[in-house]
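Accompanying notes for the structure given below.
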Amino acid sequence: MNPTAAAPAGAAPAQASPSQTLSRGIRALEILAAAQNPLTIAELADAMGVHRSVAYRILRTLEDHSLLVRDDAGRVQPGPGLAVLARGVSRNLQTAALPELTHLANTLDMTAFVAVWDHLDCITLVTVEPRHSSATVAQHPGTRHPVSAGAPGIAIQSALTEAEWAQLAPGIPYRPEAADARRAGYSASHDEVIAGVSSLAAPVRVPGGRPAALAVVYIRSAHDPGTVGAALAESAARIERQLA
């Protein structure tokens, strides 16, 4: 029986264990973060697979901590408390990367970002868009895509040997492009994550943690990819020195 299934009509939902309640709360935040628009409590309960009263109790707790907010119509969406929590994620990496991201974005006229490895995915940690451009590709913090696709994932793989990758990520193939990126210092991809979009990335080795990637995304550019790749590798090296 699915422990998250909704209770039969008219029946009181079974009491959840503390770990199950925590898991449901986290799941609620994940659903809200991925939603394009605010959700009603009924919509969220359906997405979670729980009784509406269960969803309501979880939402009240999250609301008390400003992790979600409700609008005048009662729809729920992520709250400002999440921004406070996110500020502490990989704080040293964000601090070291921000000046480099700003320089890259404004020099190359491309959106620059740092992606971190999370299980099967790459998650955008922090991003900077060029100051004087209206035709760049948006890359919002929290955006995720498979680590097996795109330049950031290839760059993260390239920071490890094939044997190291097999140990840390069994079941996810080590791409041949990662070996090339290991030699060149940067990786490239086109049309892998977003149709028509290109990306270049360099690995960032984080002391005591999993490697990350410093990347740019663009549709068209007058810059030579090799020159951009070299600039990414230099910025990544400076970030690593800051973290050392």
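The values are calculated or read from the model by the stated rules, or taken from the named source; none is laboratory data. None of the values given here were measured: they were computed from a predicted structure. Please note: Cβ atoms are built from the backbone with ideal geometry, for glycine as well, and neighbour counts cover all protein chains shown.
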Original post:
Tell me, which residue of segment 149-185 that is part of a loop (DSSP other than H, G, I, E, B) and either touching a Leu at 6+ places or on another chain (Cβ under 6 Å) or on the phi > 0 side of the Ramachandran plot (or both) is modelled with the lowest pLDDT?
Top reply: Gly171
**OP:** Name every residue in segment 218-233 that is modelled with pLDDT under 95 and either within 23 Å of Arg144 (Cα to Cα) or hydroxyl-bearing (Ser, Thr, Tyr) (or both), in order of residue number.
**Re:** Tyr218, Ile219, Arg220, Ser221
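Let's see how each residue does on (1) over 21 Å from Leu243 (Cβ atoms); (2) of a type outside the set (A, V, I, L, M):
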| residue | (1), (2) |
| --- | --- |
| Gln139 | yes, yes |
| Ala159 | no, no |
| Glu162 | yes, yes |
| Gln167 | yes, yes |
| Arg205 | no, yes |
**OP:** For segment 148-166, enumerate the residues that are farther than 12 Å from Pro176 by Cβ and touching a residue at least 40 places away in the same chain (Cβ under 8 Å).
**Re:** Ala149, Gly150, Ala151, Pro152, Gly153, Ala155, Ile156, Ala159, Leu160
**OP:** Considering every residue within segment 191-202, establish whether at least one is touching a Lys or Arg at 6+ places or on another chain (Cβ under 8 Å), free of Cβ contacts under 8 Å to residues at least 40 places away in the same chain and either surrounded by fewer than 17 Cβ atoms within 10 Å (Cβ to Cβ) or not in a loop (DSSP other than H, G, I, E, B) (or both).
**Re:** no
**OP:** Output the qualifying pairs, or none if there are none: Cβ atoms under 6 angstrom, residues six or more apart or on different chains, first residue in segment 173-186 and farther than 16 Å from Ala149 by Cβ, second residue assigned to a helix (DSSP H, G or I) and not acidic (Asp, Glu).
**Re:** Arg182/Ser158; Gly185/Ala233; Tyr186/Gly229; Tyr186/Leu232; Tyr186/Ala233
**OP:** Go through segment 219-235 and count every residue that is touching a Leu at 6+ places or on another chain (Cβ under 8 Å) and touching a residue at least 60 places away in the same chain (Cβ under 8 Å).
**Re:** 6
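Tell me, which helices (runs of 4 or more DSSP H) wholly within segment 9-75 include 2 or more residues that are at pLDDT 90 or above and over 26 Å from His140 (Cβ atoms)? If you could, list the steps in order and put the result at the bottom.
Numbers: elements: 18-34, 41-48, 52-64.
Qualifying helices (runs of 4 or more DSSP H): 41-48, 52-64.
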Original post:
From the set of residues in segment 235-244 that are at pLDDT 90 or above and out of contact with any strand residue (DSSP E or B) (no Cβ under 7 Å at 6 or more places or on another chain), which is surrounded by the fewest Cβ atoms within 10 Å (Cβ to Cβ)?
Top reply: Arg241
**OP:** Kindly indicate which of Gln167, Gln157 is among the polar types (S, T, N, Q) and surrounded by 19 or more Cβ atoms within 10 Å (Cβ to Cβ).
**Re:** Gln157
Subject >> Of residues in segment 203-234 being among the hydrophobic types (A, V, I, L, M, F, W, C) and either part of a helix (DSSP H, G or I) or not assigned by TED's automatic domain parsing to the domain that holds His119 (or both), the one surrounded by the most Cβ atoms within 10 Å (Cβ to Cβ) >> reply: Leu232
Original post:
(1) polar (S, T, N, Q); (2) closer than 29 Å to Ala213 by Cα; (3) not assigned by TED's automatic domain parsing to the domain that holds Arg220: which one isn't true of Gln94, the others all being true?
Top reply: (3)
